[in-house]
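Notes for the one structure printed next.
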Amino acid sequence: MTLRWYSTVIESTDHRSLARWWSEALGWEVMFESDDEAVLVPPWARELGSALSFEQVPPGLVFVPVPHRKEGKNRLRLDFAPHTSQDRDGEIGRLVELGATRIDVGQGPDVTWEVLADPDGNEFCVLSSRNS
């Protein structure tokens, strides 16, 4: 028996706003939104979902409300990589224009990734471009 990675849950003081931010950042769709959660899925999940077996369905992002702000460094971080056909620096600039901030978590000057934080302060990385 294997488990399916179903979702990653992100806490936020304004879960709806943060879900919309990530929707814009990733080009994903808001599938569901309520007072208790907001759910994002990649656009191909709806298109291919019924054709995929249970373990092949891609995970979503779930945003849930909490009364407290984030404190300290993340213990889990999402990493994203643009395709080699994309302008990595342009993509980082787009994320900053959307409201991300560049941050230092001790990564040093010679790394091949950029550490950013979403509007709630959750760290994520934009890696060097990848072919696959």
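Suppose we keep just the DSSP beta bridges with both residues in the chain; what percent of those would be antiparallel, to 5? Present the calculation step by step, with values, prior to reporting the outcome.
On the way: 13 of 23 bridges.
Here the share of antiparallel DSSP bridges comes out near 55 percent.
Taking amide H atoms as placed 1.01 Å from N in the peptide plane, list the residues 5 or more away in sequence, or in a different chain, whose amide H sits under 5 Å from that of residue 32.
Amide H neighbours of residue 32: 39.
For the chain, what are the per-bin percents of Cα-Cα distances with bins 5 Å wide, up to the bin holding the maximum?
P(r) over the chain, rounded to whole percents: 2, 9, 17, 20, 21, 16, 10, 4, 1, 0.
So what are the stretch 51-90's ellipsoid semi-axes, whole angstrom, largest first, if each one is the square root of 5 times an eigenvalue of the alpha-carbon gyration tensor? Display every interim value, and only then the final one.
On the way: eigenvalues 142, 103, 19 Å².
After diagonalising the Cα gyration tensor, the semi-axes are 27, 23, 10 Å.
Taking only C-alpha pairs under 8 Å that are 6+ residues apart, what is the relative contact order of the chain in percent? Provide the component values of the computation, followed by the final result.
Details: 208 pairs, mean separation 33.3, N = 132.
Relative contact order here is 25 percent.
Please work out the average accessible area per residue across the stretch 1-84, using the 1.4 Å probe convention, and give it in Å². Don't skip to the end; give the middle numbers.
On the way: 5720 Å² over 84 residues.
Each residue of the stretch 1-84 exposes 68 Å² on average to a 1.4 Å probe.
Could you calculate the contour length gain from residue 83 to residue 123, that is, 0.36 nm times the residue separation minus the distance between their Cα atoms, to one decimal place in nm?
Roughly 12.3 nm would be gained on extension.
May I ask which residue of 117, 131, 60 lies farthest towards the positive end of the charge dipole of the chain, with charges of +1 (Lys, Arg) and -1 (Asp, Glu) on Cβ and the Cα centre as origin?
The Cα lying farthest towards the positive end belongs to 131.
With contacts defined as alpha carbon pairs under 8 Å and 6 or more residues apart, what's the relative contact order of the stretch 1-44 in percent?
Values: 37 pairs, mean separation 12.5, N = 44.
Answer for the stretch 1-44 is 28 percent.
Given the -39500 (n - 2.57) contribution per DSSP H run of 4+ residues, what per-residue ellipticity at 222 nm results for the chain, rounded to the nearest 500 deg cm²/dmol?
Values: 3 runs with 29 residues, N = 132.
Counting only the DSSP helices, I get -6500 deg cm²/dmol.
Could you derive backbone 3J(HN,Hα) for the stretch 90-98 from the dihedral phi with the Karplus parameters 6.51, -1.76 and 1.60 (θ = phi - 60°), listing whole Hz in sequence and x where the residue is Gly or Pro?
Going residue by residue, I get x, 5, 4, x, 4, 5, 5, 4, 6 Hz, with x marking Gly and Pro.
Report relative contact order for the stretch 1-78 in percent, whole number only (criteria: Cα-Cα under 8 Å, sequence separation at least 6). Intermediate results must be reported in sequence, preceding the final value.
Values: 115 pairs, mean separation 32.5, N = 78.
Once divided by the residue count of the stretch 1-78, the mean separation gives 42 percent.
In the stretch 1-115, what percent of the accessible surface is made up of carbon and sulfur (1.4 Å probe, ligands and nucleic acids excluded)?
Answer for the stretch 1-115: carbon and sulfur cover 52 percent of the accessible area.
Taking the Cα centre of the chain as origin, work out the dipole magnitude from +1 charges on Lys and Arg Cβ and -1 charges on Asp and Glu Cβ, in debye rounded to 20. Don't skip to the answer; put the middle values down first.
Values: 13 positive and 22 negative charges, 53 e Å.
Here the size comes out at about 260 debye.
The values are calculated or read from the model by the stated rules, or taken from the named source; none is laboratory data. What you see is a predicted model, and the numbers here were worked out from it, not measured in a lab. We place every Cβ from the backbone using ideal geometry, glycine too, and count neighbours over all the protein chains shown. In case anyone asks, the SASA skips ligands and DNA or RNA and just uses the protein heavy atoms, side chains included. Shrake-Rupley method; radii C 1.70, N 1.55, O 1.52, S 1.80 Å.
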